[in-house]
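Here is the structure we will look at.
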Amino acid sequence: MSGSLLPPLKPLPMKDRISMVFVRYGQIDVLDGAFVLIDKNGVRNHIPVGSVACIMLEPGTRISHAAVNLAATVGTLLVWVGESGVRLYSSGQPGGARADRLLYQAKLALDDDLRLKVVRKMYEVRFGEPAPAKRSVEQLRGIEGARVRGTYKLLAQQYNVNWRARNYDRQQWDAADIPNRCLSAATACLYGITEAAVLAAGYAPAVGFIHTGKPLSFVYDIADLYKFETVVPLAFRIAAKAPVEPEREVRLACRDLFRSDKLLGRIIPLIEEVLSAGGIAPPQAPAESVPPAIPNPQGHGDAGHRTK
């Protein structure tokens, strides 16, 4: 007889989840099978971990082994961030790369011709027009950078924001101006849910195409595809009001935007769309490969979710 009378957990698909929850100043644990936050007064607040894409853990938060285990089981990404989510220190891995998806992604990234096809598709998705012909990845990156700087200026004019440049110092966060603080808080929220989607789809966050050499290179690639239609205008709109707590205003607005825009339901199909531009099929396992001695059970969640 099984040691547990509870039915197996069935993670909600990423597209059906709320985007994120920020948690600070408390102990996260599992009590009576539920994911709870306990504050210094012993007050318990339940968190619907199975229906959240990622949980942002701010300073002053402690989390138990049982809570991390439950988050991994239901496919919720845990992200350790700075105050108001403006710095990312570390993150968990609820699903992780699947072998077939990882090999597919790596083959596209390592072949110069295939990589260029994917980058050109990313350019087309981002700017709504085909990429200029006969341009290398480096040249397309330069064109993209110029257009991004121009977009910042146009949005600043539209929202009547005093804009100098995208510039901030991670070591002196409060020294940044309000527009830069709003932009950084907004992109931190965006990167959190994008990383959750990349992992849920079974891909590796570090294997990028435009961005390379960083743990979240692919996350930056995908987030950039919809950043300027979602969080960047939002950040300028909030910066125009010069709020006392700009980071808090931004993250609350991002939460509402992600829900109303149904962004989580769009990310994984978008990943598949841009990678398919390479024109190759995921590689098959070699004929001489040995299957696992103890096969994993059929998963219930997205492609990258772990099973027990």
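The values are calculated or read from the model by the stated rules, or taken from the named source; none is laboratory data. The model shown is predicted, which means the values in this text are computed figures rather than measured ones. Quick reminder, even Gly has a Cβ in these numbers, built from the backbone with ideal geometry, and neighbours come from all protein chains shown.
Values for this structure:
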read-out: Filter result (modelled with pLDDT under 80, surrounded by 17 or more Cβ atoms within 10 Å (Cβ to Cβ) and not aliphatic (A, V, I, L, M)) within region 8-40; value: P11, K15
read-out: Selection status of D112, modelled with pLDDT of 85 or more, within 30 Å of P282 (Cα to Cα), surrounded by fewer than 22 Cβ atoms within 10 Å (Cβ to Cβ) and charged (D, E, K, R); value: yes
read-out: Helices (runs of 4 or more DSSP H) wholly inside region 160-259 containing at least 1 residues that are under 24 Å from A71 (Cα atoms); value: 178-200, 217-223
read-out: Among the residues listed as D256, D221, the single one being charged (D, E, K, R), surrounded by 14 or more Cβ atoms within 10 Å (Cβ to Cβ) and closer than 28 Å to L12 by Cα; value: D221
read-out: Of residues in region 69-109 being at pLDDT 75 or above and β-branched (V, I, T), the one surrounded by the fewest Cβ atoms within 10 Å (Cβ to Cβ); value: T73
read-out: Positions within region 41-55 being surrounded by fewer than 13 Cβ atoms within 10 Å (Cβ to Cβ) and among the hydrophobic types (A, V, I, L, M, F, W, C), in sequence order; value: V43
read-out: Close pairs from region 143-160: first within 20 Å of S184 (Cβ to Cβ), partner among the aliphatic types (A, V, I, L, M), Cβ under 7 Å, at least 6 apart; value: L155/V232; Y159/A240
read-out: Candidates A200, A206, A176 - the one that is of a type outside the set (V, I, T), surrounded by fewer than 22 Cβ atoms within 10 Å (Cβ to Cβ) and out of contact with any Lys or Arg (no Cβ under 9 Å at 6 or more places or on another chain); value: A176
read-out: Qualifying residue in region 58-71 (condition: under 20 Å from L216 (Cα atoms) and outside any helix (DSSP H, G or I)); value: yes
read-out: Selection from region 11-63 of residues that are more than 22 Å from the chain's Cα centre (by Cα) and of a type in the set (S, T, Y); value: Y25
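Residue by residue, here is whether (1) out of contact with any strand residue (DSSP E or B) (no Cβ under 6 Å at 6 or more places or on another chain); (2) crowded, with 19+ Cβ neighbours inside 10 Å; (3) closer than 19 Å to M122 by Cβ; (4) outside the structural domain of T151 (by TED's automatic domain parsing) holds:
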site	(1), (2), (3), (4)
F236	yes, yes, no, no
A240	yes, no, no, no
P246	yes, yes, no, no
R251	yes, yes, no, no
E272	yes, no, yes, no
